[in-house]
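Have a look at the structure below before the remarks.
Throughout, read-outs are computed from the coordinates displayed, never taken from laboratory work. All figures in this text were calculated on a predicted structure; none of them were measured in a lab. All Cβ positions, glycine included, derive from the backbone under ideal geometry; neighbour counts span all protein chains shown.
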Amino acid sequence: MTVVRPDAEGLRRAVEVLRADSVVAFPTETVYGLGANAFSEKAVAEIYRLKNRPSWNPLIVHVAGVEAARGLAESWPDLADEFAARFWPGPLTLVVPRARHLAGVGASNDTIAIRVPAHEVALRLLEASELPLAAPSANRSEGISPTTAEHVVRSLPDVPLVLDGGPASWGIESTVLDVTGPVPRLLRPGALPLRTLRDVAGQIGLSDGGPADGVARPSPGMSRRHYAPRAKVLLVQEIDQTGLSSSVGVLTYENSGVDGAEVLSADPREYAADLYAALHRLDDAGVATILVQEPPSTEDWLAVRDRLSRAAA
């Protein structure tokens, strides 16, 4: 594995790897992605192999702009235009009818998940390669998503090239919205909160939890277990230091008084931005169990609660 700066030479090398039907890890504003030419079945298969990702779990395709996104769609709903105009580039993925000529981007269904990332390095890579890049998070399947190049190196040491663009700013995956029907439907809560989506569409339908594992689905992030550290995750109402040992890590969003606890912000966006990094730190400390104080049940915490519940599954 080679980690390079995202300068002109680094981008040149990354494009060379991508055009050779291999994979490159690169930063986005959400998490680091493992990118490959979405038109190449060989390259996409390499993503699945490296991640040990089940074939029924689809991939998000990253493109440089709306016109490139339209080229991957069989049809482009009016709602897609409205959301793209408001939130692209940004951490919103739209599920639209898939163009028939596009194969190899995941599970066998008739939709495709697309977004335009809001990260300078990601956009420069997309423009330089002139390729749509299928890019799930650059980590082993079910593991904690990477928010730094170092996380990628530790999780996927066989990736040939990593573009190091520093820490991801959002720290949590994109929101995924299905716009194939008359009412947009939330498939994966993420960086963009529901209230901002309602500003565009009014009504947003919520997913019923998604299909069972092993069944094709229109979006990643719907598996029962996902985003999980090596340590066992337990969600608890309150943290009590009594009886805690060195094999137990603690993650809270308020001062619990527990020595060595990871204390994140009580603001849901700031909490999300450091959640995966905190789980990585606790895993690196070698704890066997991580006690996580349950976040509030308000809508603004929906994405954080989704990630923690899947990590604890």
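Descriptive notes on the structure:
- Full extension of the chain segment joining N52 with N255 gains 69.3 nm, where the gain is 0.36 nm per residue of separation less the Cα-Cα distance.
- When Kirkwood radius over Cα pairs in Å is computed from the coordinates, the matching label among (1) 20.5; (2) 19.6; (3) 22.3 is (2).
- Label-to-label distance for L234 and V263 is 2.3 nm, based on points extended 7 Å past Cα in the beta-carbon direction.
- The simple spin-label model puts a point 7 Å past each Cα toward its Cβ; for R154 and E130 those points are separated by 4.0 nm.
- The length gained on full extension between L194 and E16, counted as 0.36 nm times the residue separation minus their Cα-Cα distance, comes to 60.2 nm.
- Cα-only radius of gyration and Dmax that characterise segment 232-311, units Å: 11.7, 34
- Sparse-neighbourhood loop sites, GluC sites (Glu not before Pro) in segment 114-180 - DSSP loop, at most 15 other Cβ within 10 angstrom: E130
- Exposed loop sites, defined as trypsin sites (Lys or Arg not before Pro) outside DSSP H, G, I, E and B with at most 16 other Cβ atoms within 10 Å, are absent from the longest region of the chain, namely 1-99.
- In this simple spin-label approximation, D284 and R140 carry label points 7 Å from Cα along the Cα→Cβ vector, and these lie 1.7 nm apart.
- With 0.36 nm allotted per residue and the present C-alpha distance subtracted, the E67-E120 stretch has 17.2 nm of extension available.
- If R0 is 35 Å, the Cβ-Cβ spacing of T298 and E9 corresponds to a FRET efficiency of close to 0.15.
- Helix-only [θ]222 nm of the chain, DSSP H runs n ≥ 4, -39500 (n - 2.57) each, per residue, nearest 500: -8500 deg cm²/dmol
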